[in-house]
1. What ³J(HN,Hα) values, in whole Hz, does the Karplus curve 6.51 cos²θ - 1.76 cosθ + 1.60 give for the range 151-160 when θ = phi - 60°, with x put for Gly and Pro?
2. Just how large is the dipole of the chain about the Cα centre, in debye to the nearest 20, putting +1 at every Lys and Arg Cβ and -1 at every Asp and Glu Cβ?
3. Note the full-extension length gain between Asp207 and Val326 as 0.36 nm times their separation in residues minus their Cα-Cα distance, in nm to one decimal.
4. In Å³ and rounded to a whole number, note down the convex hull volume per residue for the Cα atoms of the chain.
5. To the nearest 20 debye, what is the magnitude of the charge dipole of the range 247-328 about its Cα centre, counting +1 on the Cβ of each Lys and Arg and -1 on the Cβ of each Asp and Glu?
6. Enumerate the amide H contacts of Phe103 below 5 Å, restricted to partners 5 or more residues apart or on another chain; note that Pro and chain-start residues carry no placed amide H.
7. Sequence-distant or interchain residues sharing an amide H contact under 5 Å with Leu85, placed H: which?
8. If you count, for each residue, the other Cβ atoms within 10 Å and average over each peptide, how do 104-113, 147-156, 286-295, 184-193 line up from highest to lowest?
Amino acid sequence: MTDTPPSAPRLDDTELRDAMNRVRIEVGKAVIGQDGTVTGLLIALLAGGHVLLEGVPGVAKTLLVRSFSTALGLDTKRIQFTPDLMPGDVSGSLVYDAKTGEFEFRDGPVFTNILLADEINRTPPKTQAALLEAMEERQVSTDGVSRPLPHPFLVAATQNPIEHEGTYTLPEAQLDRFLLKLIVGMPARDAELAVLRRHAEGFDPRDLAGAGLTAVATADELRAAQAAAASVSVSDDVLGYVVDLARATRESPSVQLGVSPRAATALLAAAKAWAWLGGYPAITPDHVQTMLVPAWRHRIRLRPDAELEGVSVDAVLASVVQQTRVPI
């Protein structure tokens with residue numbers, strides 16, 4: 001689930017955190033009222049994971065990812081997933097060159113830093129699976145040759161929670177590749193008013209440069225921040241707390257399938273990134289509790305009778321936190 005960053009120059013942690021906070025501020029020039037989602041994207045990038053964004057149409061999911069990439073100065077590509085999309089349209093394919101008489105590999109859009117996979121649940125499982133190797137191994141294999149993807153690499157996939165016609169449910173194996181699932185909700189009234197005011201003044205979401213967005217963090221700063229987040233320490237008590245929480249999901253009467261050990265490592269990586277952003281040298285139970293729901297909400301399958309009774313995964317996870325002993 002996590003991506004180990006390559007060696008990077010050791011910069012001052014305070015300066016690195018300032019750079020990451022500048023990214024959040026810069027994204028705010030284009031996206032209003034989604035601060036939590038921006039922070040979630042940043043945590044996933046620091047932890048080397050991927051993000052599933054769920055929200056109804058029109059809440060700026062695509063604009064959010066484009067703005068995030070621009071603020072970091074990273075290359076980004078977008079794929080609109082449709083029922084007729086083929087795996088080669090994602091990962092790339094071999095193309096015959098008549099001049100040389102040989103086949104050459106033509107990169108697909110997955111060869112980028114931040115891949116926006118729009119409406120990922122609108123494409124069949126065969127094409128969804130084309131992302132599995134890229135998300136987990138950071139490489140694409142074609143004709144026996146493995147081609148590494150750029151570093152960093154993050155998949156930000158979107159899906160609509162209410163429109164199910166013509167969609168394909170993401171299999172558990174694919175869901176488990178996402179570090180976080182973030183719910184992109186409706187903005188508060190003041191934020192929505194600010195959005196309208198900005199559009200009334202001529203804001204064009206297709207012209208981020210015109211909105212004043214620029215890169216405010218360098219590649220070296222990002223690599224150093226990833227290394228710093230990975231180096232945050234964790235005590236045996238907190239490790240045991242994560243394990244106890246994971247085991248509690250498997251024993252919940254409302255749960256058919258609890259979280260796996262991979263989910264526990266994902267929670268640990270997210271908690272480390274969140275602790276580092278807050279200036280903590282080690283993660284605490286509070287960091288674990290904060291990241292638990294976004295890290296695990298997409299990895300749990302409820303029993304059919306619990307779903308019929310209206311039980312939600314978030315409520316089950318909240319109950320697990322309440323009932324699990326917290327190390328002092």
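The values are calculated or read from the model by the stated rules, or taken from the named source; none is laboratory data. Computed from a predicted model, the values in this text were never measured in an experiment. As a convention, Cβ positions derive from the backbone with ideal geometry for all residues, glycine included, and neighbour counts pool all protein chains shown. Surface areas here come from the heavy atoms of the whole protein model, side chains and all, with no ligands, DNA or RNA. Shrake-Rupley method; radii C 1.70, N 1.55, O 1.52, S 1.80 Å.
1. 10, x, 9, 9, 9, 10, 9, 10, 8, 9
2. Working: 31 positive and 41 negative charges, 46 e Å.
I would put it at about 220 debye.
3. Taking 0.36 nm per residue and subtracting the Cα distance, the gain is 38.0 nm.
4. Details: hull volume 54.0 nm³, N = 328.
Convex hull of Cα atoms, per residue: 165 Å³.
5. Working: 9 positive and 6 negative charges, 69 e Å.
Computed charge dipole of the range 247-328: roughly 340 debye.
6. Asp97
7. For Leu85, whose amide H was placed from the backbone, there are no distant partners under 5 Å.
8. Values: 104-113: 17.2, 147-156: 19.4, 286-295: 22.4, 184-193: 13.2.
Peptide ranking by packing, descending: 286-295, 147-156, 104-113, 184-193.
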